[in-house]
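The values are calculated or read from the model by the stated rules, or taken from the named source; none is laboratory data. Just so we're clear, the structure is a prediction, and the values are computed from it rather than from any experiment. Positions of Cβ are generated from backbone atoms using ideal geometry, with glycine treated the same way; all protein chains shown enter the neighbour counts.
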């Protein structure tokens, strides 16, 4: 399953050119390609795709490009090893591109309530709708967060992604835990990406309609637009694939030590992810969706709603002239907003374990441009999609090669900075700059067994610390503290590295793997003793937006 196999099978990729007016395509009934004067899939572009897939270890990618009334779609590489090729019909998890459908659902409810005695609007406050569940740590924010705030990530609540998703978790229970999770900004002051707020909006839609969000999406958006290969449930996607409606790609992780792709488990169905990142679809279906966005198709939403979707609400990043963006990057109602060589670009990415997706549209480029990309690794898929989307934009806009920003170089440099920051020495210097050198460090105040046990936080729930035997970098046997979290949406493990006294580095990585560099993280951690001299608390700086502040867990049980 080495990447060379993906490259070898690259040449048998599938391309289609599809008129937008034809009936929804059947998996085995595709019309043959027709001749057109323009195509994004030139020989040069195919070579670029081959290069970046191989270079960044992505087994497969499917791409669709719309230009006016035409759709161009092509699959590259291996969707499922050993030899299932990616096609335009291949199904992938689409991650946070899901959020745009949740935004559309809120706007649809606003449209329908126009003649009600108390019509909804983007300024409608969430708390009165789900009063018992929606309580934040800040009383003012609780009372004033609106649909617009939640859809634009400006509620003051950071990610806290490692806090949710236990088996049989309900939306109601997850939302009730928000009151125990620290906020890191005042409402409307900062852009802070928060998946949980889209779980809140999922619950709002289901409360107001009495329908499961997936049914609402299908009845109001997907079926009217002919998106018959789009699902909000893994079970539904598998059932459709078994009946011949596309095939579901496998997500992979590249193992540098063995130089092989390792299959990832699919993210299981859970309501807490739903409206934030659970859509499974194909690039052909997303092409239909993007065309509706470009043309402001009234089948989807009203003209007023489309204008709201195109209106940015908050700055996310200031101007970076080197990339060709003009002005700051902005965000509003689940779409990013940027300007590229004078054209407004609306876009969003998405990533879950094993998958990455990107969608973008530009109403003023050619006859109305849309780009959908889906691939089967996390992190590296998104990087490849960014590189290739700019290749398409540059080709369409005829940007001279000498004026094009080198996205491959920037991506490589970004990964290299990440690798450098994830070395033990760099992590120690970043999180504990005043700590003594290892040979002069204070020993732990307790035996490792004394730190082991169960710890509780009302927002993050239970964590269990155990002592694990492992080999150090010299092959010598040693023992470390470890936490393995398998009962959350994002399974992870934490391996503790002693710094000095009761201070540790918490290396957060994939379960069953040694800490790596690219997709992992490292945070400061601390244990606190009580008056008895025994360990009573554990703190981990779980969330980056908390700027080093700890989430504190109370020790509830000792192991052994």
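So how many residues does region 122-152 have that are closer than 17 Å to residue 195 by Cβ and either at pLDDT below 95 or out of contact with any helix residue (DSSP H, G or I) (no Cβ under 7 Å at 6 or more places or on another chain) (or both)?
3
Keeping to region 175-192, report how many residues are touching a strand residue (DSSP E or B) at 6+ places or on another chain (Cβ under 9 Å) and under 18 Å from residue 551 (Cβ atoms).
Qualifying residue count for the region: 4.
Which numbered condition in (1) touching a helix residue (DSSP H, G or I) at 6+ places or on another chain (Cβ under 9 Å); (2) assigned to a loop (DSSP other than H, G, I, E, B); (3) farther than 19 Å from residue 193 by Cα is the only one that residue 92 fails?
All conditions pass for residue 92, except number (2).
Looking at 190, 219 in this structure, which one is touching a helix residue (DSSP H, G or I) at 6+ places or on another chain (Cβ under 9 Å), at negative phi and either assigned to a loop (DSSP other than H, G, I, E, B) or modelled with pLDDT of 95 or more (or both)?
Just one listed residue meets the conditions, 190.
Select from region 58-76 the residues that are under 16 Å from residue 292 (Cβ atoms) and part of a strand (DSSP E or B) and write down the one among them that is nearest to the chain's Cα centre (by Cα).
Here the answer is 64.
If you scan region 405-456, which residues turn out to be over 34 Å from the mean Cα position of the chain (by Cα), farther than 16 Å from residue 480 by Cβ and either touching a residue at least 40 places away in the same chain (Cβ under 8 Å) or surrounded by 14 or more Cβ atoms within 10 Å (Cβ to Cβ) (or both)?
Result: 435, 436, 442, 445.
Check 477, 500 and return the single one that is more than 22 Å from the chain's Cα centre (by Cα) and either surrounded by 16 or more Cβ atoms within 10 Å (Cβ to Cβ) or under 16 Å from residue 452 (Cβ atoms) (or both). Walk me through how you get there before you give the answer.
Values: 477 fails: either surrounded by 16 or more Cβ atoms within 10 Å (Cβ to Cβ) or under 16 Å from residue 452 (Cβ atoms) (or both).
Of the residues listed, the single one that is more than 22 Å from the chain's Cα centre (by Cα) and either surrounded by 16 or more Cβ atoms within 10 Å (Cβ to Cβ) or under 16 Å from residue 452 (Cβ atoms) (or both) is 500.
Got at least one residue in region 37-48 being touching a helix residue (DSSP H, G or I) at 6+ places or on another chain (Cβ under 6 Å), in the same structural domain as residue 362 (by TED's automatic domain parsing) and either closer than 20 Å to residue 396 by Cα or at pLDDT 50 or above (or both)?
Going through region 37-48, the residues touching a helix residue (DSSP H, G or I) at 6+ places or on another chain (Cβ under 6 Å) turn out to be 40, 48.
Still in the running and in the same structural domain as residue 362 (by TED's automatic domain parsing): 40, 48.
Retained after the next criterion (residues that are either closer than 20 Å to residue 396 by Cα or at pLDDT 50 or above (or both)): 40, 48.
For region 37-48, residues touching a helix residue (DSSP H, G or I) at 6+ places or on another chain (Cβ under 6 Å), in the same structural domain as residue 362 (by TED's automatic domain parsing) and either closer than 20 Å to residue 396 by Cα or at pLDDT 50 or above (or both): present.
Counting only residues that are out of contact with any helix residue (DSSP H, G or I) (no Cβ under 6 Å at 6 or more places or on another chain) and over 29 Å from residue 70 (Cβ atoms), give me the strands (runs of 3 or more DSSP E) lying completely in region 297-416 with at least 2 of them.
Details: elements: 314-317, 329-332, 335-340, 343-352, 355-362, 369-375.
Fully inside region 297-416 and qualifying: 314-317, 329-332.
Return yes when residue 429 is farther than 30 Å from residue 78 by Cβ and assigned to a helix (DSSP H, G or I) and no when it is not.
yes
Tell me, please, whether a residue that is in a loop (DSSP other than H, G, I, E, B) and in contact with a strand residue (DSSP E or B) (Cβ under 7 Å, 6 or more places away or on another chain) can be found in region 233-244.
no
With (1) over 13 Å from residue 271 (Cα atoms); (2) in a helix (DSSP H, G or I); (3) at pLDDT 95 or above as the list, and residue 172 as the residue in question, which single condition is left unmet?
Unmet condition: (1).
Please count how many residues of region 77-89 are in a loop (DSSP other than H, G, I, E, B) and touching a strand residue (DSSP E or B) at 6+ places or on another chain (Cβ under 9 Å).
First, the residues of region 77-89 that are in a loop (DSSP other than H, G, I, E, B): 81-83, 86-89.
Subset that is touching a strand residue (DSSP E or B) at 6+ places or on another chain (Cβ under 9 Å): 81, 86-89.
The number of residues fulfilling the criteria is 5.
Within the group 171, 136, which residue is buried (at least 18 other Cβ atoms within 10 Å of the Cβ), under 22 Å from the mean Cα position of the chain (by Cα), touching a residue at least 40 places away in the same chain (Cβ under 8 Å) and outside the structural domain of residue 305 (by TED's automatic domain parsing)?
Of 171, 136, the one residue that is buried (at least 18 other Cβ atoms within 10 Å of the Cβ), under 22 Å from the mean Cα position of the chain (by Cα), touching a residue at least 40 places away in the same chain (Cβ under 8 Å) and outside the structural domain of residue 305 (by TED's automatic domain parsing) is 171.
Here is a list: 19, 32, 59, 27. Which entry is out of contact with any helix residue (DSSP H, G or I) (no Cβ under 7 Å at 6 or more places or on another chain), in the same structural domain as residue 308 (by TED's automatic domain parsing) and either at pLDDT 95 or above or surrounded by 14 or more Cβ atoms within 10 Å (Cβ to Cβ) (or both)? Even if it seems obvious, please write down each step before you answer.
On the way: 19 fails: either at pLDDT 95 or above or surrounded by 14 or more Cβ atoms within 10 Å (Cβ to Cβ) (or both); 32 fails: either at pLDDT 95 or above or surrounded by 14 or more Cβ atoms within 10 Å (Cβ to Cβ) (or both); 59 fails: out of contact with any helix residue (DSSP H, G or I) (no Cβ under 7 Å at 6 or more places or on another chain).
Result of the check over 19, 32, 59, 27: 27.
Can you tell me which of 261, 286 is touching a strand residue (DSSP E or B) at 6+ places or on another chain (Cβ under 8 Å) and within 15 Å of residue 93 (Cα to Cα)?
One residue alone meets the criteria, 286.
Considering 378, 391, which residue is in the same structural domain as residue 290 (by TED's automatic domain parsing), surrounded by 15 or more Cβ atoms within 10 Å (Cβ to Cβ) and within 19 Å of residue 508 (Cβ to Cβ)? Steps first, answer last, please.
On the way: 391 fails: within 19 Å of residue 508 (Cβ to Cβ).
One residue alone meets the criteria, 378.
Working carefully through the options 197, 183, 267, find the one that is touching a helix residue (DSSP H, G or I) at 6+ places or on another chain (Cβ under 8 Å), in contact (Cβ under 8 Å) with a residue 40 or more places away in the chain, farther than 30 Å from residue 67 by Cβ and assigned to a helix (DSSP H, G or I).
197
Might you let me know whether region 98-113 holds any residue that is farther than 24 Å from residue 302 by Cβ, touching a strand residue (DSSP E or B) at 6+ places or on another chain (Cβ under 8 Å) and either crowded, with 21+ Cβ neighbours inside 10 Å or not assigned by TED's automatic domain parsing to the domain that holds residue 552 (or both)?
no
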